[in-house]
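S.K.: Quick one: the structure is below, and I'll ask about it shortly.
The numbers here are math on the coordinates, done by the rules we state, and not lab data. Every value quoted in this text rests on a predicted model; they were computed, and no experiment measured them. Cβ placement follows ideal geometry from the backbone for every residue including glycine, while neighbour counts extend to all protein chains displayed.
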Amino acid sequence: MSFAKTLAAFRARHPDIAVAEVYLADLNGLARGKLVPIEALDKLASGGMKMPVSTVGLDIFGVDVAESGIAMEIGDPDGVLVPIAGTLAPMRWAGRPTAQVQCTMTGTDGVMTCTFDPRHVLAGVVDRARAAGLTPVVALELEFYLIDPDRPSPPLSPSAGGRLNRAQLYDMEVMRAFEPVMADITAAAQALGAPAETAICEFGAGQFEMNLTHVADALAAADHMVALKRAIRGVARAHGMDASFMPKPFGEMTGSGQHIHVSLLDEAGRNIFDAGEGSEPNPALRHAVSGLLGTMAYAMLIFAPHQNSYRRFMPGSFAPVVAAWGLDNRGTALRLPECRGKGARVEHRVAGADANPYLLSAAVLAGILKGLADRAEPPEPVAREASGGDGAPLPLAWAMAGQAFAGSGFIADWLGPEFRHVFGCIKRQERATLQARVSDVEYDTYLRVV
């Protein structure tokens, strides 16, 4: 169905909605767009709604990146916003009836692709999978903190009144106390088309995890994560809280990850990772693991895109420090929860909650496809928490990850040279900006040192 027909049906179902948020996800995964009257969506349907192409490549501070050469260096040209099917939906948490629609960016002729738009980056990898007769099946999981809206700390318990201050893994009392906000998040996400299902309490005080169901459409799976994040933050604020996707918001508590589960279907709809009657990973799954291990360091800047991302990686934290794999082992970067049946898959556990879901999915799928093409064998699986000698060390510093990314032929080949250039420039500018800022901890420690 065309967007024009979708829009007409939507307005008939929701005559009270007068405004809409039209946005795209930039390379940091941030929503950037416009608040428009609902009538303006007719312009979106006809290809007449535009924004500067450089919007996709702003840094985390919302500043153009001159080194990337995509803004005023070429006149800061417009691109055309193209609505993504299935994303026109009501925002249930909004103070007044409001719709949203997510878009991608094309050139002004409506045909030329913006090659560094994160959704287009993922689409390119999916196209290569399809050319090989394979369909990715993807599910994403997200950990996040609900926090006090006025200070960086866990929120007050809605039932007990006191501030959360202890570990709460699978704690049903905490889950019950936060059930109203979690139920509203689930309903809001589902209204946006995101198949949110299981919610659990995680280790940290005020930390939760929400899972999305597996879908045989990698692009839709990433769309769903964008919608889930918007629902979490919007609903949390409506309940007098806030939500943080910061990978390590509290030094003494566990970090927040974004795990991705992937399997591949052949043209007959069979899971190529299914070992049948065997109990060990089949050749296809072993090759996929080998490809992911071999490309992990190059994609670390995607999995851990910000300065705070690297605080999450430390021994004993369930965040990997080496490229290792294991069978149903949460202490490794790659976990194989199942090797038989429809559920045979690989779980990639490196990325933080701050990772762009399109880029995360693209890097993981590309690693799997490269592994299948190379047909290499992985090392032996690890049965404990992986450490030093269990695999190649990951670049656990922002600058190191940036260097590995910038020099990677894998990234250029699979995700595109223009994407590699633009994303690398963004991260260098962000790093330089933060390096120029002196923290209060440094003042407290060093200002009056003799």
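S.K.: Would you grab the residues whose amide H sits under 5 Å from the one on Met91? Only those 5+ places off in sequence or on another chain, please, with H modelled 1.01 Å from N.
M.R.: Counting only residues 5 or more places away or on other chains, the set is Thr98, Ala99, Gln100.
S.K.: May I pose another question? Taking other Cβ within 10 Å of each residue's Cβ, how do Met210, Met241 sort, fewest first?
M.R.: Final ranking by Cβ density, sparse to dense: Met241, Met210.
S.K.: If you look for lysine pairs in the chain that are eight or more places apart or on different chains, how many of them have Cα atoms under 29 Å apart?
M.R.: Summing the qualifying lysine pairs gives 17.
S.K.: I've got another one for you. Counting DSSP beta bridges in the chain, what percent are antiparallel, to the nearest 5?
M.R.: In the chain, approximately 85 percent of DSSP beta bridges are antiparallel ones.
S.K.: If neighbour count is taken as other Cβ atoms inside 10 Å, put Leu134, Leu122 in order from fewest to most.
M.R.: Leu134, Leu122
S.K.: Let me ask you something else. Calculate the FRET efficiency for Met175 and Leu327 from the Cβ-Cβ distance with a Förster distance of 30 Å, rounded to the nearest 0.05.
M.R.: 0.55
S.K.: Report the charge-dipole magnitude of segment 3-114 in Debye, nearest 20, computed about the Cα centre from +1 at each Lys and Arg Cβ and -1 at each Asp and Glu Cβ.
M.R.: Computed charge dipole of segment 3-114: roughly 740 debye.
S.K.: Give the residue list of trypsin sites (Lys or Arg not before Pro) in segment 1-35 that are DSSP loop and have at most 15 other beta-carbon atoms within 10 angstrom.
M.R.: Taking segment 1-35 and a limit of 15 other Cβ atoms within 10 Å, no loop trypsin sites (Lys or Arg not before Pro) are found.
S.K.: Also, quick follow-up: Any chance you could check the Cα centroid distance between segment 50-108 and segment 233-312 for me, in angstrom?
M.R.: When both Cα centres are located, 26 Å separates them.
S.K.: For Glu347, Glu442, what's the fewest-to-most ordering of other Cβ within 10 Å of each Cβ?
M.R.: Glu442, Glu347
S.K.: Additional query: Take peptides 254-262, 432-440 and line them up by average Cβ neighbours within 10 Å, highest first, as a rough protection proxy.
M.R.: Result, highest mean first: 254-262, 432-440.
S.K.: Here's a follow-up. How big is the antiparallel share of DSSP beta bridges in segment 3-114, given as a percent to the nearest 5?
M.R.: 75
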